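Chemist: My structure is below; once you've seen it, I'll send some questions.
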Amino acid sequence: MKVIVDFDACMSNAQCVLAAPDVFEVREDGMLYVLQEEPPESARARVENAARLCPTQAITIEK
Amino acid sequence: MRSVVIAGASLAGFSAAQALRKRGFDGTITVVGEEAHLPYQRPPLSKQFLCGEWDRSRLGLRIADGLKLEWLLDARAAALDPQRREVVLADGRRLPFDGLVVATGARARRPGWWVELGGVFTLRTVDDAQALRAHLASGGRKVVIVGAGFIGSEAAASLRSLGHDVTLVDIDPVPMHRVLGEDLGRACLRLHESHGVHPLFGAAVDAIVGSTSVEGVRLRDGRVIEADCVIVGVGAVPNVEWLRGSGLVLDDGVVCDSTCAALGAERVVAAGDVASWTHPHYGQLRIEHWENAIAQGDAAAATLLAAPGAGRPYAPVPFFWSDQYGCKLQLVGSPRRGDAMRVVEGAMDERRFVAVFERDSQLTGVFLFNSVHRVAAYRQTVAAAWAGLTAGAEA
């Protein structure tokens, strides 16, 4: 599984952080960081939920 | 259960459809939508879309292949026949169902002085936003925004960035007064002022003035504010009229138990802006925000698929955000009017701070201003505060 973020669309609303804090983080600079670009399969449900919750639909999951 | 009808083709309805499939439901799912569009994102309407940064095609929600949903768009649910278990559409078609998800959302409230007049807009649907955008395209408009809640405040920020002249009118003393209270609302007021908005607070609107197109807004004290564009953002009304006489309990929305099961019918659930459910911690609640539409759609679908009475309570920590002038405003929890507020991180003047709301020294909510990096921690804090309360109550 590969996590791809469209950083032009990302508004740092942190919905993904709330859904999958082990994969996404917003830091003090207000920017989103992807902690694991290829998270383990065990994180799939959380990452899918993060993608669904993203209000700008900036997250896509490959495979 | 072989067939589910979802009344409402917006975020909550679509989320319920996704959740039904994810949970293995393989019967028919028919989604009825009053608008002619497939589900789309509303949050950008007052921001990226209004500013022209995003076009229409970017608003659509991603709809995975294989969901096998039957879409009936441009079709309004007009009645619910509880005996025959059918949704009756405005054109007379009848849709039988085993299970029903009510997700008909809310519409922009039109106050008593509302008139249909060129240049007067609400901002709720993509069609609303498209019409407003077209009206603004000639540039240099003199805009009056009535209502300084989230929509009005975001619209003010977007229109200032486009260079329009903006007057923000509200009967309350400060923006977002009902949600944030006086002190935080004043911080929001300063933000508008520093971006050149003309504030007009504590001012009641009496009428919209104009013959063929809008010419201004008349206040109750007789003043007329000149305008060639008026945006009315004074709240939303849940779309429940079609359910009158159906046996469902209606009171500022479809009244549900803690599991999102509608009172007054079997195998009927509700989600999103239209649902007023019993939150195990906050009591009766109706939330008009993005995350809730998705999460409550999930919860309602789970309840629909469970044995009657065996659904699980839906108990989210409410969360919403607003983007204004490049600033990020976020609220966690559900503070009520009169809760004590104090800043615990940063300072209001620095435009980077966190404030907590408390009642009887219990945490009820957290407001974050340009402090997104702290939101996850504070959401846990709010959830932990309830858990502490529950434990205390049981001890």
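The values are calculated or read from the model by the stated rules, or taken from the named source; none is laboratory data. Quantities reported herein were computed from a predicted structural model and do not represent experimental measurements. Note that each Cβ is placed from the backbone with ideal geometry, even for glycine, and that neighbours are counted across all protein chains shown.
Chemist: Between residues in segment B:112-134 that are acidic (D, E) and residues that are assigned to a helix (DSSP H, G or I) and surrounded by 19 or more Cβ atoms within 10 Å (Cβ to Cβ), which pairs lie under 6 Å by C-beta distance while being six or more apart or on different chains?
Modeler: Hits for this filter: zero, empty list.
Chemist: Quick check on segment B:225-233. Is at least one of its residues in a strand (DSSP E or B) and more than 26 Å from the chain's Cα centre (by Cα)?
Modeler: Yes.
Chemist: For B:P316, all conditions in the list (1) assigned to a loop (DSSP other than H, G, I, E, B); (2) touching a residue at least 60 places away in the same chain (Cβ under 8 Å); (3) within 14 Å of chain A (Cβ to nearest Cβ) hold save one; what is the number of the exception?
Modeler: (2)
Chemist: Okay, moving on. Taking B:L11 as the residue in question, decide whether it is aliphatic (A, V, I, L, M) and farther than 11 Å from B:A103 by Cα.
Modeler: no
Chemist: Any residue in segment B:195-211 that is under 18 Å from B:L123 (Cβ atoms) and free of Cβ contacts under 8 Å to residues at least 60 places away in the same chain?
Modeler: yes
Chemist: Anything in segment B:154-184 that is farther than 14 Å from B:I231 by Cα and out of contact with any Phe, Trp or Tyr (no Cβ under 9 Å at 6 or more places or on another chain)? List them, or say none.
Modeler: B:L162, B:G163, B:R178, B:E182, B:D183
Chemist: Additional query: Could you tell me which numbered condition B:L100 fails, if it satisfies all but one of (1) closer than 30 Å to B:A148 by Cα; (2) of a type in the set (A, V, I, L, M); (3) not assigned by TED's automatic domain parsing to the domain that holds B:S213?
Modeler: (1)
Chemist: Inside segment A:13-41, can you point out the residues that are at the interface with chain B (Cβ under 8 Å from one of its Cβ atoms), buried (at least 20 other Cβ atoms within 10 Å of the Cβ) and not in a helix (DSSP H, G or I)?
Modeler: Within segment A:13-41, A:N13, A:A14, A:V26 qualify.
Chemist: Looking at (1) among the polar types (S, T, N, Q); (2) modelled with pLDDT under 95; (3) more than 26 Å from B:G247 (Cα to Cα), which is the one condition that is false for B:S10?
Modeler: (3)
Chemist: Among the residues of segment B:150-177, how many are within 18 Å of B:L123 (Cβ to Cβ) and either under 21 Å from the mean Cα position of the chain (by Cα) or among the aliphatic types (A, V, I, L, M) (or both)?
Modeler: Summing the residues that are within 18 Å of B:L123 (Cβ to Cβ) and either under 21 Å from the mean Cα position of the chain (by Cα) or among the aliphatic types (A, V, I, L, M) (or both) in segment B:150-177 gives 17.
Chemist: Can you spot a residue in segment B:319-337 that is within 18 Å of B:T104 (Cα to Cα) and either buried (at least 18 other Cβ atoms within 10 Å of the Cβ) or within 13 Å of another protein chain (Cβ to nearest Cβ) (or both)?
Modeler: Scanning segment B:319-337, I find no residue that is within 18 Å of B:T104 (Cα to Cα) and either buried (at least 18 other Cβ atoms within 10 Å of the Cβ) or within 13 Å of another protein chain (Cβ to nearest Cβ) (or both), so the answer is no.
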